[in-house]
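Presented below is the structure to which this report refers.
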Amino acid sequence: MGTNKSYNSKKSNGNSHAHNKKTSLISNVNNHKMNKKDIKNKLNDGILVYNGSLTVTELAEKLGVSAVDIVRSLFQEKIMVNVNTTLNDDYIELVALKFGYEVQKEKVVELQNFEEMEIKDDPSMLEKRPPVVTIMGHVDHGKTTLLDAIRKSRVVAGEFGGITQHIGAYQTMVKGCKITFIDTPGHAAFTSMRARGAQITDIVIIVVAADDGVKPQTIEAVNHAKAANVPIIVAVNKMDKPAANYDRVVQQMSDLGLMPEEWGGSTIYRKISAKSGVGLDDLLETILLEAELIDLKANPNRYAMGTVVEARLDKQRGPIATFLVQNGTLRIGDCVVAGTCFGKVRQLKDDLGRLLSDATPSTPIEISGLQDVPVAGDKFMAFENEKMARDIADKRKEIKIQQERKATSANTLESFMALSGEHQVINVIIKADVQGSAEAVKTALEKLKVEDVSVNVIAAYAGAITESDVLLASASKAIIYGFNVRPDAIVRKKALEEGVDIRLHNIIYNLLEEMTSAMKGMLKPIYKEVVTGQAEVRQTFKVGKVGVIAGCYVTLGLIKANAKIRLIRAGIVVYEGKLGSLKRFKDDVKEVKEGYECGLMIDGYNDIKESDIVEGYEMQEVERK
């Protein structure tokens, strides 16, 4: 393979100032008389092809004209340059038009940006490939049960709380043809995972429970499928239930733009029962028919490219990743780059645990041999040798670090601005069994907002909780959340020494509920004023240096000793303070109830008059909702 790939893209319009200059120059093009030298040096049938930026001198060499002519032509348009000035794309296009050229800017894509590479395969090398089908829908509508019925193996029992908590990819045979299925979780926290599933699929099956109808994640799944611009099949599940209402589901899905064929639309609907198996054969045949219409093809005779479906850290085998091969063939011994990770493929396993020597297009395969755990959703590509793979991975890692530094600087500034007020932040480190779950938990936590408290996820990785995680948490004053992972005794001891809180969960609902409660606990209490009682001043007594004692009659509620009070005169508050003393006859008392007389003094205030109202109140904490 070469060191880079490139493709040409038509130059787009630039800023308005340059555009105005261009308009006046274009008007002169027809009147411009090209000399023999211009014609002789005309390249690529009158098209100037370049990449990057050009100085006036470099542009003159490409156009075969004098640099002075370019300076002069731009000067006429009131654009001041010299022979060493670097021209932007708009000025290059203006000059090119002046001298009779159209412009195409060549976009160079380096190998480290292999996701952007546009590699055109020879049509004669293309072969038919299996369809990749994504199953989407709301939680508990039967996605995993449907996939389970298709694969003839139990999955639901192994999922905590009956929820699929990370993507799985599986392949099955239907009438001699292979179909690849991708299962995506239905819980709201796994939005990004469902989006990723839609982006790598050929056909989407949206499962809707006939007895429950359209739910929030159903709508989200429809949006992802539409964004992916792929055929959608609606599987109306649980048709064997007494409360099943097929027509209601069809109407609700039609409102989302999925008009059924029988109503003149283009969306296929199928009635099924994943539990009993009714309608499954019809659904599978429909998938094969759709795949035939799409005419899916790929080139197996090239280096593999595809997407990381899932990734995790295994104690015995090291980093393990599930790849979906989308083009080419992945073989044992191939050197691959996935995200910022690289490695040499040591082992290939299919979804049934069988060892394979290669994986062709549309095949989901579990690989070992990577140096680190990639992120689910990363693109991967195989390269001709380990040195090339390592160099490309290192460059990608450098780029990522630079991007993160820029992001960190911006976030730090925002954090300073937030912290200068009342804003509080809970720092969190997430460790999960697989990368997809870590990513989903991270997204869910960062979305939590409880007034002036937010969550800042410092790190979210797949793998067991380690001493390094504890040290990072200690330094950053963070909480560690373990999702489907457990720390060993050494890590627990280290956490105890460092005073780091480790919280362990295997159901995301519980994790989010706990965090929400913690965030509410960090907020300052909310208080509301509660009036406890009122007393009318019937008589006043001035006692030497002691001050004024008011003889009162409690007309409402009760007056408490040391209470906060307001002195009200003719409906107007003339003083706010607190009681200095409260007596019944000669005895100090804690409170005096309605209907009883009392004597009281106001702390630091003596201007009390008959008929004044002494109102007692207290501030009571309000529970947050």
Legend entry - Rounded Å value of the spacing that divides the Cα centres of segment 444-472 and segment 252-275: 41
Legend entry - For Gly369, residues with placed amide H under 5 Å, excluding near neighbours: Arg346
Legend entry - Rounded to 5, percent antiparallel among DSSP beta bridges of segment 429-517: 15
Inset, instruction - Percent of Cα-Cα pairs per 10 Å bin, from 0 to the last occupied bin, for segment 469-625, please list those. - result: 10, 28, 16, 9, 11, 16, 10, 1
Inset, instruction - Starting from the Cα of Arg72, step 7 Å toward the Cβ, then list every residue of segment 87-107 with an amide N under 17 Å from that point. - result: 95-96, 98-100
Legend entry - Amide H within-cut-off set for Val453, under 5 Å, with H built and near neighbours excluded: Gln424
Inset, instruction - Would you mind calculating the gained length between Arg346 and Thr540 on full extension (0.36 nm times residue separation, minus the Cα-Cα distance), in nm to one decimal? - result: 60.2 nm
Legend entry - For segment 568-625 versus segment 474-511, the gap between their alpha-carbon centres in whole angstrom: 52
Legend entry - Coil-residue trypsin sites (Lys or Arg not before Pro) of segment 67-141, DSSP, other Cβ within 10 Å capped at 12: Lys78, Lys120
Legend entry - Per-pair calculated FRET efficiency, R0 = 35 Å: Val622 and Asn223 via Cβ, rounded to 0.05: 0.35
Legend entry - Within segment 486-625: Cβ-based charge dipole about Cα centre, in debye rounded to nearest 20 (Lys, Arg +1; Asp, Glu -1): 160
Legend entry - Mean Cβ count within 10 Å, highest first, over the residues of peptides 495-504, 300-309: 300-309, 495-504
Inset, instruction - Report, in debye and to the nearest 20, how large the dipole of segment 453-529 comes out about its Cα centre when Lys and Arg carry +1 and Asp and Glu carry -1 on their Cβ. - result: 140
Legend entry - 5 angstrom amide H check on Val103, placed H, neighbours 5+ away: Leu48
Legend entry - Within segment 191-343: Cβ-based charge dipole about Cα centre, in debye rounded to nearest 20 (Lys, Arg +1; Asp, Glu -1): 740
Legend entry - Protection proxy ranking, peptides 389-397, 83-91, average beta carbon neighbours within 10 Å, highest first: 389-397, 83-91
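Here, each number is a calculation from the coordinates, and none is a lab measurement. This one's a predicted model, so the numbers in the text were calculated from it and none came from an experiment. Glycine also receives a Cβ, built like all others from the backbone with ideal geometry; neighbour counts cover every protein chain displayed.
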